[in-house]
Amino acid sequence: MGNGLFSGPEPDPAGDAGHENAPPRVGFFTDTSVCIGCKACEVACKEWNALPEDGLSLTGMSYDNTVGLGASTWRHVAFIEQPVPAGRTELPLLAPDSGKPAAPDSGKPAAPDSGKQVAGQDDGAGVRWLMSSDVCKHCTHAACLDVCPTGSLFRTEFGTVVVQEDICNGCGYCVPACPYGVIEQRPTDGRAFKCTMCYDRLGAGQEPACAKACPTESIQFGPLDELRERAALRVEQLHDAGVTEARLYGHEPDNGVGGDGAFFLLMDEPEVYGLPPDPVVTTRDLPAMWRHAGIAALSLVTGAALSFALPALTRRSGRT
């Protein structure tokens, strides 16, 4: 089922949600190997969706002033500093559509002998920066849909998951239900908010604002099946170039959430980026839990009935 009660692949989540003749499911493929940390996606998201600003306070954790996804931050660019992997002095990252090194200034292919640094390369001091733009995963089996009591959360005809802010009652059930910790309540009014994948733009035939603003095409938008094929070729390209640590995350349609509508190419383990290594839809076991609860309740009722019935039977048998 597309509402998240069961795990495994779901070929048509929009159709399962009641959308007839739905268009192909769309999603995001975020290639972190070419992310330069410019935060253009964050700015574009805030401007288009009229989101409140996050403040300018420094966290002391890096150049990141937003820290993570939240009710007012639907795109978050992580800045991860780490030592260069042993035995490697540089990461020969390639532009997505070329066999040449990527030029960080323009996001376009550069000459093979270019000595410029690119995202993820050694900065000369034995460390490298990993940049990654995180977003709601728009799960195939979305636990937030399962637990929402008002129908504020719904599955669109594009297969994405959207919150209707005018219907949300602020119960907060969706917050702990999300296996990625994406959705959050806004402190000012208690309602929940998250990425809508620019549902209003999709309806008008436009791509989401973040993908439109990304200068390096790190954020790619399109039909989900096409993006998965493109991502597999990108990983193969990086492996051929010696970047063996490149891997995909959230692309498998039979993972614990039935596949993510927004998946990633990572340059390290998911935990490095603050992502769960093996996410599972949190409502997966709800049917079994309700069955056990029903059996326990029936046992209690039966026991209570017997506790009243047995003494009465005993008294009757004593009179006779």
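The values are calculated or read from the model by the stated rules, or taken from the named source; none is laboratory data. Keep in mind that this is a model prediction, so the values were computed, not measured. Note that we place each Cβ from the backbone using ideal geometry, even for glycine, and neighbour counts take in every protein chain shown. Note: accessible area is taken over every heavy atom of the protein model, side chains too, but ligands, DNA and RNA are not part of it. Shrake-Rupley method; radii C 1.70, N 1.55, O 1.52, S 1.80 Å.
Couple of notes before you dig in:
- Taken along its principal axes, the alpha carbon cloud of the range 124-214 reaches lengths of 54, 32, 28 Å, longest axis first.
- Under 15 Å, Cβ to Cβ, from R155 - net charge with Lys/Arg +1 and Asp/Glu -1: -4
- Each peptide in 243-254, 208-219 receives the mean, over its residues, of other Cβ atoms within 10 Å, and ordering these scores from highest gives 208-219, 243-254.
- Spatial separation of Cα centroids for the range 154-181 and the range 206-279, in angstrom: 23
- Charged neighbours of A14, selected by a Cβ distance under 14 Å, balance to -4 (K, R count +1; D, E count -1).
- Length gained on full extension, F79 to T302: 74.4 nm, using 0.36 nm per residue less the C-alpha separation.
- Surface calculation, 1.4 Å probe, protein heavy atoms: L145 sits at approximately 30 Å² accessible.
- Computed with a 1.4 Å probe over protein heavy atoms only, the accessible surface of the range 143-184 comes to 39 Å² per residue.
- If R0 is taken as 41 Å, the Cβ-Cβ distance between D54 and V280 corresponds to a FRET efficiency of 0.85.
- With R₀ set to 30 Å, the beta-carbon distance separating A241 from V43 gives a calculated FRET efficiency near 0.45.
- Shown for the range 180-249: the carbon plus sulfur share of the solvent-accessible area, taken with all protein chains present and a 1.4 angstrom probe, equals 49%.
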